[in-house]
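Report on the structure given below.
The values are calculated or read from the model by the stated rules, or taken from the named source; none is laboratory data. Every value quoted in this text rests on a predicted model; they were computed, and no experiment measured them. When we count neighbours, we look across all protein chains shown, and the Cβ atoms used for this are built from the backbone with ideal geometry, even at glycine.
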Amino acid sequence: MQFVTLVMMLCFVLFLNFAVIRPHRLERKRFESMMASLREGSVVYASGIRGVVLEVRLDSILIVTGPRRTSLEIDKSSVELERTC
């Protein structure tokens, strides 16, 4: 009976690893890679806002957007997509 319980716990841990933990790690790694590649001149789409990066700061980025060249400061965590010009 104890062996069956041990096998069931092991199966649960393996399922948890492949269903939750591993995908989360992969997504986090992809996000960190995107943040590391963010440079001045990149185009940023954050919450529907398009702009060109002027400055990369510790926790935020400064972008310029629109025909009037309006400057906006956006948290790095809100960046959804990054493309290089």
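Would you mind stating whether Glu27 is in contact with an Asp or Glu (Cβ under 8 Å, 6 or more places away or on another chain), of a type in the set (Asp, Glu) and either more than 16 Å from Asp75 (Cβ to Cβ) or not in a helix (DSSP H, G or I) (or both)?
no
Scanning segment 1-32 for residues that are surrounded by 10 or more Cβ atoms within 10 Å (Cβ to Cβ) and polar (S, T, N, Q) gives a single hit, Asn17. Surrounded by 10 or more Cβ atoms within 10 Å (Cβ to Cβ), within 27 Å of Ile63 (Cβ to Cβ) and either within 17 Å of the chain's Cα centre (by Cα) or not aliphatic (A, V, I, L, M) (or both), is that true of Ser37? Here the answer is yes, as Ser37 does meet what is asked. Take the conditions surrounded by 10 or more Cβ atoms within 10 Å (Cβ to Cβ), among the β-branched types (Val, Ile, Thr) and not in a strand (DSSP E or B) and apply them to Val44. Does it pass? Here the answer is no, as Val44 does not meet what is asked. Pairs linking a residue in segment 30-42 that is under 16 Å from Ile74 (Cβ atoms) to a residue that is in a helix (DSSP H, G or I) and not hydroxyl-bearing (Ser, Thr, Tyr), with Cβ atoms under 8 Å and 6 or more positions apart or on different chains, are Met35/Lys76; Leu38/Lys76. Of the residues Ser77, Ser71, Ser60, which single one is free of Cβ contacts under 8 Å to residues at least 24 places away in the same chain and surrounded by 14 or more Cβ atoms within 10 Å (Cβ to Cβ)? One residue alone meets the criteria, Ser60. Apart from one condition, Glu27 fits all of (1) in contact with a strand residue (DSSP E or B) (Cβ under 8 Å, 6 or more places away or on another chain); (2) at pLDDT 80 or above; the exception is (1). Taken together, Arg68, Arg39, Arg22, Arg50 contain a single residue that is at pLDDT 90 or above, not acidic (Asp, Glu) and not in a helix (DSSP H, G or I), which is Arg68.
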